[in-house]
Amino acid sequence: MAGGPAPVRAHIDELLPTILDGSVEPGRVFDAVTDLAGVPAGYRDRDERRSLEVLVRP
C-alpha cells in the first residue's frame, strides 16, 4: 500500500465550509468501514463524495 500528496487546493473551496459549519469533523479520518469484498463500492463512494475515507478490514 502506498500514499501520496493530497490535492488539497483542488478541494478546499468545497470542503472548508463543511468543516467550519461543523458538519465534517476534520480529526475523523475514516467515515466508512468495509471488508475486502466492499472495496469497489468504497472507491465508488469516495468518487461520488459519499465517503471521505474508507477503512478496509480484511
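Computed from the coordinates by the stated procedures, all read-outs in this text should not be read as laboratory data. As the structure is a computational prediction, the values presented were derived from the model and not from experiment. For neighbour counting, all protein chains shown are included, and Cβ atoms are generated from backbone atoms with ideal geometry for every residue, glycine included.
With the requirement that a residue be among the charged types (D, E, K, R) and on the phi < 0 side of the Ramachandran plot, what does the range 16-52 give you? Break it down stepwise before answering.
So the first thing to find is which residues in the range 16-52 are among the charged types (D, E, K, R), and the list is 21, 25, 28, 31, 35, 44-50.
Matches in the range 16-52: 21, 25, 28, 31, 35, 44, 45, 46, 47, 48, 50.
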Can you confirm whether the range 25-34 contains a residue that is touching a Pro at 6+ places or on another chain (Cβ under 9 Å) and not β-branched (Val, Ile, Thr)? no
Taking the range 32-58, which residues are loosely packed, with under 11 Cβ neighbours inside 10 Å and under 13 Å from the mean Cα position of the chain (by Cα)? 47, 48, 49
In the list 22, 27, which residue meets the criterion of being part of a loop (DSSP other than H, G, I, E, B) and either closer than 18 Å to residue 6 by Cα or touching a Ser or Thr at 6+ places or on another chain (Cβ under 8 Å) (or both)? 27
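Residue check: is residue 29 β-branched (Val, Ile, Thr), in contact (Cβ under 8 Å) with a residue 24 or more places away in the chain and either exposed (fewer than 10 other Cβ atoms within 10 Å of the Cβ) or out of contact with any Lys or Arg (no Cβ under 9 Å at 6 or more places or on another chain) (or both)?
Details: β-branched (Val, Ile, Thr): yes; in contact (Cβ under 8 Å) with a residue 24 or more places away in the chain: yes; either exposed (fewer than 10 other Cβ atoms within 10 Å of the Cβ) or out of contact with any Lys or Arg (no Cβ under 9 Å at 6 or more places or on another chain) (or both): yes.
Taking the combined requirement at face value, the residue satisfies it.
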Filtered residue count, the range 9-42, keeping only those that are among the polar types (S, T, N, Q) and under 13 Å from residue 55 (Cβ atoms): 1
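Report whether or not residue 54 is among the aliphatic types (A, V, I, L, M) and touching a helix residue (DSSP H, G or I) at 6+ places or on another chain (Cβ under 7 Å). Spell out how you get there, then give the answer.
Values: among the aliphatic types (A, V, I, L, M): yes; touching a helix residue (DSSP H, G or I) at 6+ places or on another chain (Cβ under 7 Å): yes.
Yes.
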